[in-house]
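In what follows, a structure is listed as structure tokens, so that the remarks can point back to it.
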Amino acid sequence: MNDTQGTNLPVEDNGQLEEAKAPVTEPVTPTEEVVSSQEEVAEEPVATGETQEEAPEETTTTAEETAEAPAEVKEEEKTAEQQPAVENVSEEPSSTAAGKLTKEEILEKLTEAVNEPVESSRGDVESLKQAYYKLRRSEVDELKKAFIENGGEEADFTAPVDEAEDKIKDLLNVYRQKRAAVLAEEEQQKTANYALKLQLIDRLKELTESQDDFNKLYQEFKDIQQRWKEVKAVPQEHANELWKSYQLYSERFYDIIKINNQFRDYDFKKNMELKTSLCEAVEKLESETDIISAFHQLQKLHQQWREIGPVAKEQREEIWGRFKAASTIINKRHQEHFEHLKAKEQENLEAKTAICEEIESIDFSQLKTFKDWEAKNKEVIGLQEKWKTIGFAPKKYNVKIFERFRAARDVYFNKKSEFYKEVKGEMKKNLERKKELCEKAEALKDSTDWRATTEKMIALQKEWKTVGPVSRKHSDAVWKRFISACDYFFEQKNKNVSSQKGVEQENLKAKKELIDKIKALDESVDNEEALGLLKEYMAEWNNIGFVPFKEKDKIYKEYHEAVDQQFDRLKVDKNERRMQSFRSNLTDMAGDERAKGKLYGEREKLMRMYDRMKNELQTYENNIGFLSISSKGGGGLMKEMERKIEKLKEEMELIVKKIGLIDENLE
């Protein structure tokens, strides 16, 4: 029989720590057998009486009771064994080696373990089961992650069936059936042991009343003692009754037979040696780092103590005091260990409760945009990861707090799913509207009614601006379709406007003369006056119409080289230069009807750039806030981030100005 069944240690199932029961205190020590007279019969101090203040408040258990597995404990273990693996909380395999195995290796080793004796394979079966479910959860998490990254919704994800899981469950069922059979056999053995011990007590009673030869009686008495030791566990409810009866008739035998001093002293001496060795063994347990193991060993040593006969009366108190003192230290460490576990579990409950409250307090009315939901989603995912790092709560609350966490999490993700479905519906409607505008533009692009069609095209472009966003995967395609139709019409229109050629030649001549003026700007004039004159030339350039298409890039390049040369000489701000250059380029585009579509394209491009920079700015600001609180010696990194933040702000301000100029030209 497994000695650990009698101890009040926690029952483990799927890595969850059951609520610790009271550790066993020192057992009731059997009275020492005395030979000479009834006056010498005295009981050793009762451990549970003398150490009651140090023992836990729960009911204590004697060593004899500890040797027998209580029916309640066995049933609890059996029930725990039959439960399926708990997959809704974090758990770690008890064996580091098992955690490194593949599913095939786990299945192979579990098959071997199930075929081994139940008690020797219990730890291996448990660690292999936990290792498999950890591996299975990791596999499902990766599949879910890939599913979501590919555009799927978390609520729609279904884990694929794993054939190995059915095999694992079948093996575990076989193991549980074998374990149930072993437990049933142990109960039968206990009943048989009880009957045998009753027979031994009856025979011992007969010895106390017999008048046979002393040597024969004494040898039979020693044989009964040996057989009593060999017959182990009995039903718990009969343990103390049996022990008291056995002790009673043992004492009567010593008193009635009047064993001679030689035999008595020899027994006392041998018993003293055995009990001294037990004291030394218990004292060594004080250095045992594994508290649970030390406690189990202590129970075995107490059982051995009870099986050893009496010692000399003058040594009795001393040897028992030594044994009891060493046992008290181990019991106290065991009790403190479980008190620490309870305190830690309470801390875990408080931490998990705080996570539940934080998720439950989310104000969904404030989550109105994708950006809002993405930020909140990062927080919730972070809380989920934090939950996994927290250990178990007290058994009484562990399932309840997890159900509360799961309910709060489900409410959040359901709300998120509803929002995304609603937004996707709006985007779908926007896509249909933009497709309709594309069809209208495509129907107009071949028209030769230049004036009327131009007005219609411009109206379509304005209507396009009023339509909301579409999903990213359709945005570029539908835009290119629309702008291609618009550009085609305006290109065809310009090709047929021959009167523009003469004007464009005059404009080309005027722009060349203006470039010469810019190059010849008087260097003797002070910078402020020269800059004002340069701006007048630039405004004049913007008022000049289009030039021949073939000359456009060349003349534009000459103009900007001349302007940049003057800007360099006058040391004009870089952003001011870019703005002036953009304004000039924008004027060229706005004055040409075929380029109206490009203005809209440029505007959307700038809006996307602005949103991207805004997100980058927020990220840098969050990071610099974190560094300012928690980092030491991060001054260099903070300065670099501050430089980037300032640069982003300048770029965003410039983009806002550019968008404003585009809007002015589109009005």
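To the nearest 10 Å², what's His560's accessible area with a 1.4 Å probe?
Surface open to solvent at His560 totals about 30 Å².
At a probe size of 1.4 Å, how large is the accessible area of Ser210, to the nearest 10 Å²?
The accessible area of Ser210 comes to roughly 30 Å².
Please calculate how many Å² of accessible area region 100-188 carries per residue, with a 1.4 Å probe and no DNA, RNA or ligand atoms counted.
58
How big is the accessible area of Arg603 in square angstrom, nearest 10, if you roll a 1.4 angstrom probe over the protein chains?
The accessible area comes out at roughly 60 Å².
Could you give each residue of region 233-244 its phi-based ³J(HN,Hα) in whole Hz, using Karplus coefficients 6.51, -1.76, 1.60 with θ = phi - 60°, and x for Gly or Pro?
Using θ = phi - 60°, the values come out as 5, 10, x, 4, 5, 9, 4, 5, 4, 4, 5, 5 Hz.
How do the peptides 267-278, 483-494 rank, highest first, by the average count of neighbouring beta carbon atoms within 10 Å per residue?
483-494, 267-278
Among the listed pairs Lys557/Lys649; Lys462/Lys550; Lys109/Lys169; Lys509/Lys550, give every one whose C-alpha distance is greater than 20 Å.
Lys557/Lys649; Lys462/Lys550
For a label point 7 angstrom out from the Cα of Ala510 toward its Cβ, which stretches of region 518-545 have the backbone nitrogen within less than 11 Å?
540-545
Computed FRET efficiency, Cβ-Cβ of Ala443 and Lys639, R0 35 Å: what is it to the nearest 0.05?
Details: r = 58 Å, r/R0 = 1.66.
Result of the calculation: an efficiency of 0.05.
Given a Förster radius of 60 Å and the C-beta distance between Asp476 and Ala180 as r, what FRET efficiency does 1/(1 + (r/R0)^6) yield to the nearest 0.05?
0.35
Which FRET efficiency value, to the nearest 0.05, do you get for Lys517 and Ile659 by plugging their Cβ-Cβ distance into 1/(1 + (r/R0)^6) with R0 = 41 Å?
E between Lys517 and Ile659, to the nearest 0.05, is 0.85.
Quick check: with the 1.4 Å probe, what order do Glu149, Glu604 take by accessible area, largest first?
Glu149, Glu604
The values are calculated or read from the model by the stated rules, or taken from the named source; none is laboratory data. This one's a predicted model, so the numbers in the text were calculated from it and none came from an experiment. Note that we place each Cβ from the backbone using ideal geometry, even for glycine, and neighbour counts take in every protein chain shown. These area figures cover heavy atoms from the full protein model, side chains too; ligands, DNA and RNA do not enter into them. Shrake-Rupley method; radii C 1.70, N 1.55, O 1.52, S 1.80 Å.
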